[in-house]
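Data block below; observations after.
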Amino acid sequence: MSRDAFPQDGTVTAPRFTARALPADGQAVGEGRQFTGSTLHGWSLGPMVDNAALIVSELLSNALRYGLGALPSRHAPAPALWLGLLRRRGTVLFAVCDRSTAVPELREPDYFAQSGRGLHIIDCLSETWGWTTPGADGKAVWAAVACGEEPGSAAAPAPEPAGERETAPAPCELVGPLRGARWR
């Protein structure tokens, strides 16, 4: 079954996008949560910060544990992870890019284990989630969450505030997760 993270509903809204490189170490999750919270507050989406922080934490934790762990040893210094947020047509898309070609696998959790429930949390808190088809530059794992339309969203797009957009490398463009994505 195929689902679209941004269903066509006839409305015209100005997308908002921001991305940030994060260190491929223990600080990535905390920095990602802080970045997500400040971005959502800036977009007047404060009520969704707690759930979004959980989603981003799990996406980043999985990228650190499985995405970077699956890289061959020739990659001595771990490459940065990219976290991106895209708001469009009543949905916020959270995406984490890593250089691994290993794809996420939703498994039955071991109820006695202390880990292994991250994708279940993402599955419960998002409308849909998936990943891009892995390529030579890796993949993006993403989750889409409904957020409601912006006031006046049918009007002409407002200019994006200066400094909100950071440049992400080509393999981690947030448009990518919607092309060739695998759907649950």
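Glu127 fulfils the conditions (1) out of contact with any Cys (no Cβ under 7 Å at 6 or more places or on another chain); (2) modelled with pLDDT under 90; (3) open to solvent by 20 Å² or more (accessible area, probe 1.4 Å) except for a single criterion, (2). For Val141, state whether it is aliphatic (A, V, I, L, M) and in a loop (DSSP other than H, G, I, E, B). No; evaluated as a whole, the condition is false for this residue.
Taken as a whole, the condition of being assigned to a helix (DSSP H, G or I), closer than 28 Å to Arg89 by Cβ, open to solvent by 30 Å² or more (accessible area, probe 1.4 Å) and modelled with pLDDT of 95 or more does not apply to Asn62.
Evaluating Ala80 against the criteria (1) of a type in the set (A, V, I, L, M, F, W, C); (2) closer than 21 Å to Phe17 by Cβ; (3) modelled with pLDDT of 90 or more leaves one unmet condition, (3).
The values are calculated or read from the model by the stated rules, or taken from the named source; none is laboratory data. Bear in mind that the values here come from a model prediction, so they are computed numbers and not experimental data. Using ideal geometry, Cβ is built from the backbone for each residue, glycine included, and neighbour counts are taken over all protein chains shown. Each accessible area value is taken on the protein alone, full model and side chains, heavy atoms only, with ligands, DNA and RNA left out. Shrake-Rupley method; radii C 1.70, N 1.55, O 1.52, S 1.80 Å.
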